[in-house]
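*Asks:* Before we start, here is the structure in question, set down as structure tokens.
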Amino acid sequence: MRAELQDPSSPTWAAQREELRLLHTKAPGQAAVAPTIVGTSSALKGLVEVAERVARRNAKVLITGESGVGKDVIARFIHARSPRADQRFVALNCAAFSETLLESELFGHVKGSFTGAYRDKIGKLQQAHRGTIFLDEIAEMSVRMQALLLRFLENGEIQPVGSDAPPIRSDVRVLSATNRDLTEMVAKGEFREDLLYRIKVAHIQVPPLRDRKDDIRALVEHTLVRCDDRVAIAEEALVLLESYRWPGNVRELQNVIEQMASMTAGDEIGIEDLPPSIAAPQGSHAYPRRERRRRVSDEIYEALVSGGKRFWEDVHTMFTNRDLTRADVRQIVRRGLAMTGGNYRGVLQLFGMESQDYKKLMNFLAAHDCVVDYREFREVKHDTGVRAADAPRVTDPSA
């Protein structure tokens, strides 16, 4: 059975959306329904054909592509088209947990194995027995966690944290995804080469939205139907949407359409409703990737300092939702340390945070490898014109 690339105007669209909802709540024994993949571009058709072939086998699959292209959708599609479709699909974002918690999430733990372990917990690998597990952002695993995962991939054995019982065996198909270059990470010693060989038996590269502009109209209509089918979009606005480069890919497009649909005064989205970055003349927003990321972190830093954003409510949430990268967070912290002369407690005050948030902030930064060495700012002049050496001293962040 071949995948059907759907037009949202199709009369079967509502039924398929309900099937997609049921996919997220299915129980073992109930066959998963493949998510509808919207678009008809040649790039998307080729992607679906490869995913169809890969799904029929039991091989491990590495799905790569920029943030927001829909790697998770492809993973669910592969599972739903596989012989394991009547078993569980379990997804885990590796970037959302510290090393200790990630080990517990994957392998489970026994009561009392660490502080806060008040009961036994079954890990995701055991929950996905005979089904599929999707390890999103796998490049964010620590080297130690990579070793533990490699051991499981080699022998299929699960040892819950703190357990002395014999290992549990689990039959799981592993799908992984990342927006990073794992080959480059291997060269830098940041990712195990043997693990890369294990997870990359089959490889699927999801193209960015700018390389399949023929899908933009269908995606716009799909999103409008999903959020408010009473709103239409003018042809002039569609043309500008098609000319935009969409650095955030499908996720950014969906966010923009949902915002416009909720904010428009009438029943049609026009050019005047488009964000300035899209309505601007073509080429004025085509920033290099590094410059674009720096612009994102600069805007958030300025909002934190001015009180327009709050760290835990806004920055932390954006990071958890993968709208901010580790590099963004480090750049925000770096600018804060430059302003305070390497004083992390000064950063708390600068960002409008409570003084008792010091340990919470440091634990968050350490857990996600976002700590910036304060010492490089201690003897450097910053915007206030005061040398960091003359600024008030505090104890080292590690204290």
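The values are calculated or read from the model by the stated rules, or taken from the named source; none is laboratory data. This is a predicted model, so every value here is computed, not measured. Heads up, the Cβs are rebuilt from the backbone with ideal geometry, glycines too, and the neighbour counts pull from every protein chain shown.
*Asks:* Just the residues that are in a helix (DSSP H, G or I), crowded, with 16+ Cβ neighbours inside 10 Å and more than 29 Å from the chain's Cα centre (by Cα), please, taken from region 337-356.
*Replies:* Those that are in a helix (DSSP H, G or I), crowded, with 16+ Cβ neighbours inside 10 Å and more than 29 Å from the chain's Cα centre (by Cα): Met339, Thr340, Arg345, Gly346.
*Asks:* Mind checking which residues of region 321-334 are surrounded by 13 or more Cβ atoms within 10 Å (Cβ to Cβ) and either modelled with pLDDT of 85 or more or on the phi < 0 side of the Ramachandran plot (or both)?
*Replies:* Asp323, Leu324, Thr325, Arg326, Ala327, Asp328, Val329, Arg330, Gln331, Ile332, Val333, Arg334
*Asks:* Quick one: which of Gly70, Gly46 is over 23 Å from Leu195 (Cβ atoms) and without any contact (Cβ under 8 Å) to a residue 24 or more places away in the chain?
*Replies:* Gly46
*Asks:* Checking Ile332 against (1) within 23 Å of Glu99 (Cβ to Cβ); (2) within 17 Å of the chain's Cα centre (by Cα); (3) among the aliphatic types (A, V, I, L, M), only one condition comes out false. Which one?
*Replies:* (2)
*Asks:* Select the helices (runs of 4 or more DSSP H) contained entirely in region 87-183, then report the ones holding at least 3 residues which are charged (D, E, K, R) and under 29 Å from Ser67 (Cβ atoms).
*Replies:* Once the helices (runs of 4 or more DSSP H) in region 87-183 are filtered for at least 3 residues that are charged (D, E, K, R) and under 29 Å from Ser67 (Cβ atoms), what remains is 99-107.
*Asks:* Among Arg180, Arg198, which is the only one that is in contact with a Lys or Arg (Cβ under 9 Å, 6 or more places away or on another chain) and either in contact (Cβ under 8 Å) with a residue 24 or more places away in the chain or surrounded by fewer than 17 Cβ atoms within 10 Å (Cβ to Cβ) (or both)?
*Replies:* Arg198
*Asks:* Looking at Arg84, is it closer than 16 Å to Leu175 by Cα, part of a loop (DSSP other than H, G, I, E, B), of a type in the set (D, E, K, R) and at pLDDT 90 or above?
*Replies:* Considered against the rule, which asks whether it is closer than 16 Å to Leu175 by Cα, part of a loop (DSSP other than H, G, I, E, B), of a type in the set (D, E, K, R) and at pLDDT 90 or above, Arg84 comes out as yes.
*Asks:* Which condition number in (1) part of a helix (DSSP H, G or I); (2) loosely packed, with under 12 Cβ neighbours inside 10 Å; (3) modelled with pLDDT under 90 is the one that Lys359 fails?
*Replies:* Lys359 satisfies all of (1) part of a helix (DSSP H, G or I); (2) loosely packed, with under 12 Cβ neighbours inside 10 Å; (3) modelled with pLDDT under 90 except (3).
For (1) surrounded by fewer than 16 Cβ atoms within 10 Å (Cβ to Cβ); (2) farther than 21 Å from Arg217 by Cα; (3) not assigned by TED's automatic domain parsing to the domain that holds Thr325, each residue gets a yes or a no:
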residue	(1), (2), (3)
Thr40	yes, no, yes
Glu52	no, yes, yes
Ala55	no, yes, yes
Val61	no, yes, yes
Gly70	no, no, yes
Ala75	no, yes, yes
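*Asks:* I would also like to ask the following. Just for region 304-318: of the residues that are surrounded by 15 or more Cβ atoms within 10 Å (Cβ to Cβ) and closer than 24 Å to Gly68 by Cβ, which one is modelled with the highest pLDDT?
*Replies:* Looking at residues that are surrounded by 15 or more Cβ atoms within 10 Å (Cβ to Cβ) and closer than 24 Å to Gly68 by Cβ, I get Phe311.
*Asks:* List pairs: first residue in region 113-126 and assigned by TED's automatic domain parsing to the domain that holds Phe152, second residue crowded, with 16+ Cβ neighbours inside 10 Å and assigned to a loop (DSSP other than H, G, I, E, B) anywhere in the structure, Cβ distance under 7 angstrom, at least six positions apart or on different chains.
*Replies:* Partner pairs satisfying both residue conditions: Asp120/Val110; Gly123/Pro160; Leu125/Ser170; Leu125/Val172; Gln126/Ser170.
*Asks:* Filter region 78-93 for residues that are surrounded by 23 or more Cβ atoms within 10 Å (Cβ to Cβ) and closer than 25 Å to Trp246 by Cβ and give the result.
*Replies:* Answer for region 78-93, where residues must be surrounded by 23 or more Cβ atoms within 10 Å (Cβ to Cβ) and closer than 25 Å to Trp246 by Cβ: just Ile78.
*Asks:* Ile204 versus (1) of a type in the set (A, V, I, L, M); (2) part of a helix (DSSP H, G or I); (3) surrounded by 14 or more Cβ atoms within 10 Å (Cβ to Cβ); (4) modelled with pLDDT of 90 or more: which is the lone unmet condition?
*Replies:* Exception for Ile204: condition (2).
*Asks:* Report whether or not Lys111 is at pLDDT below 90, more than 19 Å from the chain's Cα centre (by Cα) and surrounded by fewer than 16 Cβ atoms within 10 Å (Cβ to Cβ).
*Replies:* Yes; evaluated as a whole, the condition is true for this residue.
*Asks:* Now for a different question. Looking only at helices (runs of 4 or more DSSP H) that lie completely in region 219-292, which have at least 2 residues being modelled with pLDDT of 90 or more and either of a type in the set (Gly, Ala, Ser) or within 17 Å of Leu209 (Cβ to Cβ) (or both)?
*Replies:* Because the criterion is at least 2 residues that are modelled with pLDDT of 90 or more and either of a type in the set (Gly, Ala, Ser) or within 17 Å of Leu209 (Cβ to Cβ) (or both), the helices (runs of 4 or more DSSP H) in region 219-292 that meet it are 235-243, 249-263.
*Asks:* What number goes with the only condition from (1) buried (at least 16 other Cβ atoms within 10 Å of the Cβ); (2) under 24 Å from the mean Cα position of the chain (by Cα) that Ile168 does not pass?
*Replies:* Only one criterion in (1) buried (at least 16 other Cβ atoms within 10 Å of the Cβ); (2) under 24 Å from the mean Cα position of the chain (by Cα) is unmet by Ile168, namely (2).
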